[in-house]
Amino acid sequence: MIEIRNLHKQFDGRDVLMDVSLDVHDGETLAIIGRSGSGKSVLLKHIVGLLNPDSGRVLVDGVDINAISYDELRMVRRNFGVLFQGGALFDSMSSFDNVAFPLRLFTQMTEEEISEEVQICLSMVELPDVGSVFPADLSGGMQKRVALARAVALRPRYILYDEPTSGLDPETSNTIDVLIKGLADQLNVTSIVVTHDMHSVLSIADRAAFIHQGRMHWTGTIQELHESDDQTLRAFVKANEYFIGDPAERGQTAS
Amino acid sequence: MSIARILIVDPLSSLGRYGQLLYQAFLTLGDVRSYWKNFVQQMVSIGLESIPIIALAAAFSGMVTTVQTAYQLVSPIIPRNIIGAIVVPSMILELAAVVTGFILAGRVGARIAAELGTMRVTEQIDALEAMGLNSTGYLIVPRILAGVVMFPCLYLIAAFVGIAGGAGVGHLMGLIPITEFMEGARMFFKPFDPVFGIIKAVVFGFIITSLSCYVGYNTSGGAEGVGKATTQAAVSSCIFLLVADLLLAITFL
Ligand SMILES: Nc1ncnc2c1ncn2[C@@H]1O[C@H](COP(=O)(O)OP(=O)(O)OP(=O)(O)O)[C@@H](O)[C@H]1O
Ligand SMILES: [Mg+2]
C-alpha cells in the first residue's frame, strides 16, 4: 500500500505540488490524470524517492521512505518497476541488454534463463525481434515499449507507468492497456498509471486521481468519474473527447 | 550577488557536494560485481584508446625539448650531453604527466561529462536509481578507478616515448649521439623522479575523472546543459590539474 500525505514540493520557489494526499491500495490500478505540467511526473518520482518532498510524507507498506537510510530506500525501490515518460533506456546497451539489466543485477538466473525471460518480456510488448537493436535506432513508441518490458522484467509488486501509451497508435495503445491490465490481474500488481488518455483510464483503471494545478482535485472510482459533476474534471474529460456515460455506450464511441 | 558569495560560499558548497558524491560512490567500492563490467569498458576507453594520441604528443614534446635545449644551452663551454641531462628529467618529472593530463582532460573529461550528463537529462540515472541500484557506485566508481589505474600506465608510455623521441631527433639532426644523450641522462637521474611522476599521474587521473563525473552527474538543462557540462569538465580539469601540479612539486621536490 502506498500512502501519500500532504505532499508539498517547490521548484525554484514555484509551487508544483500542494498538499497532495493519495492512497493506493494493494492490487488496484490507479490512474493519475491531469493536464500537462500539473505535476503528475513529479508526484510519481516522489513515490520512489527520486525527489524529496519539501514537506509531507510518502509511505510504502507503512514505511516513510524519506525517513530511512539510502540503503533501506534502495531495498524498498526493488519492489518497484518504473516506466519513465521518456523511456529512459540505457542508450549504451541493446534492447536485449536493457531488459536483461535488472535480471542480471538482482537475480541469480543463468544467462540462458535470462535470455528466455527477456524474450518473453519483449514479446509481451509485441517487439520480439528488436533484441539486438540499440535504443537510438528504435522509434519513440518502440523505445517506450522496450522500457515497459524492462520495467516489468522483475515482476515487481508495484509498477509506475508514466504515460505508457502516449505517442503510440491506437492499436498498440490497446495492446499496452491489455498488458497493463493483464499484469494487474494475473500478478496482483499494484499499478499507478499516469496518462492523458481517457480511453486507457476507462479500460484499465479501478480508480482515478485528478491533479489540477498541483493539487489533488478529485479522486474516485471509474463509476464515480462517470457520475461526477465537478466542472474542472468534466472539462478535462470532455477535452479528451470522451463521452461520459454508461460504460456500455463507451465501446461505440471508442471505435 | 556579493563577492563573498562568488568567491567563498559557492566554491565551498560545490566542494561539499563533490566530496559527498565521492563519499557516496566509494561506499560501494566493495560491491565489485556491480561495476566490474563498466570498469573494464572504461579501462579500454580511457586507457587503451588514448595510447596513440598520448604517444604522439609525448614524442613531439620530447623532440622539441631536445632541439630547444640544444639551441639554448649547448656552447663551447657547456658539453652537449647537457641535452640528455635536461630532456630526460623534464620528461619524467613534468612533461610526460602534464601532456598526458591535458590530453586526457580534453578527451576523457569531456567524454565522461557528456556521457553522464546525457544519462542525467534523459532520466537514465533516475532509471538506475529507481531499480534500487546505487547509481554513483555503478557509474562513478568504475570511471575513477579506471582513471587512477590507467593514468600511470599512460604516463609511463608517454615518458618512454618522449625520451625516445628526444634522443632520436637529437641523433638524426646530428645534435648528440644517443649514447651521449643517455650518458647525460644518467648524470642527474634520481630514482625518485619516476616515482614522483607516477604519483602525479595517479593524482591527475583522479582529478580529471572525479571532477568530470561530478560535473556530468549534476547536469541539468537538456542538450544545452550537456554541452555546457562537457566544456566545463574539460576546462576545470585543466585548471585543477595545474594547481595540483604546483602543489605536488612544492610538497615533494
Ligand atoms: N527538476 C525540475 N526542476 C524544476 N522544475 C521542474 C522539475 N521537474 C518538473 N518541474 C516543473 O514542475 C511542473 C510539473 O511537471 P511534471 O513533469 O510533473 O508535469 P506533468 O504533469 O508530468 O506534465 P506532462 O503531462 O506534460 O508530462 C512543471 O511546471 C515543470 O516545469
Ligand atoms: Mg509528465
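Count, please, the residues in region A:31-85 that happen to be within 16 Å of ligand 2 (Cβ to nearest atom) and either in contact (Cβ under 8 Å) with a residue 40 or more places away in the chain or among the aromatic types (F, W, Y) (or both).
Of the residues in region A:31-85, 20 are within 16 Å of ligand 2 (Cβ to nearest atom) and either in contact (Cβ under 8 Å) with a residue 40 or more places away in the chain or among the aromatic types (F, W, Y) (or both).
Are there strands (runs of 3 or more DSSP E) fully within region A:1-61 with at least 3 residues that are more than 8 Å from ligand 1 (Cβ to nearest atom), hydrophobic (A, V, I, L, M, F, W, C) and within 14 Å of chain B (Cβ to nearest Cβ)? List them.
Hits in region A:1-61: none.
Can you tell me how many residues within region B:40-86 are closer than 21 Å to B:A167 by Cβ, β-branched (V, I, T) and open to solvent by 20 Å² or more (accessible area, probe 1.4 Å)?
Of the residues in region B:40-86, 8 are closer than 21 Å to B:A167 by Cβ, β-branched (V, I, T) and open to solvent by 20 Å² or more (accessible area, probe 1.4 Å).
For residues in region A:86-95 being within 30 Å of A:M1 (Cα to Cα) and facing chain B (nearest Cβ under 8 Å), which is surrounded by the most Cβ atoms within 10 Å (Cβ to Cβ)? Full working, then the answer.
To start, the set of residues in region A:86-95 that are within 30 Å of A:M1 (Cα to Cα) comprises A:86-90.
Imposing the further condition that a residue be facing chain B (nearest Cβ under 8 Å) reduces the set to A:86, A:88-90.
On the way: A:G86: 19, A:A88: 26, A:L89: 28, A:F90: 19.
Result: A:L89.
When only residues in region A:142-169 that are within 16 Å of ligand 1 (Cβ to nearest atom) and of a type in the set (G, A, S) count, which is surrounded by the fewest Cβ atoms within 10 Å (Cβ to Cβ)?
Looking at the filtered set, the residue picked out is A:G167.
Per-residue answers, yes or no, for (1) in a helix (DSSP H, G or I); (2) in contact with a Pro (Cβ under 7 Å, 6 or more places away or on another chain):
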position	(1), (2)
A:E72	yes, no
A:V82	no, no
A:L105	yes, no
A:E112	yes, no
A:V118	yes, no
A:L122	yes, yes
A:E126	no, no
A:S132	no, no
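Output the number of residues of region B:158-185 satisfying the condition of being within 19 Å of B:I53 (Cβ to Cβ) and open to solvent by 40 Å² or more (accessible area, probe 1.4 Å).
Residues meeting the conditions: 2.
Please state which one of A:N66, A:N79 is within 11 Å of chain B (Cβ to nearest Cβ), more than 25 Å from B:T118 (Cβ to Cβ), of a type in the set (S, T, N, Q) and surrounded by fewer than 22 Cβ atoms within 10 Å (Cβ to Cβ).
A:N79
Those residues that are surrounded by fewer than 18 Cβ atoms within 10 Å (Cβ to Cβ) and either among the aromatic types (F, W, Y) or over 17 Å from the mean Cα position of the chain (by Cα) (or both), I need them from region B:197-239; list them, please.
Within region B:197-239, B:F206, B:N218, B:S220, B:G221, B:G222, B:A223, B:E224, B:G225, B:G227, B:K228 meet the criteria.
If a residue must be within 14 Å of another protein chain (Cβ to nearest Cβ) and assigned to a helix (DSSP H, G or I), how many such residues does region B:122-180 contain?
Selection size over region B:122-180: 14.
The values are calculated or read from the model by the stated rules, or taken from the named source; none is laboratory data. Predicted model only: the values in this text are computed from it and were never measured. In this analysis, Cβ positions are derived from the backbone assuming ideal geometry, glycine residues included, and neighbour counts consider all displayed protein chains. We work out accessible area using only protein heavy atoms, side chains counted, and drop any ligands, DNA or RNA first. Shrake-Rupley method; radii C 1.70, N 1.55, O 1.52, S 1.80 Å.
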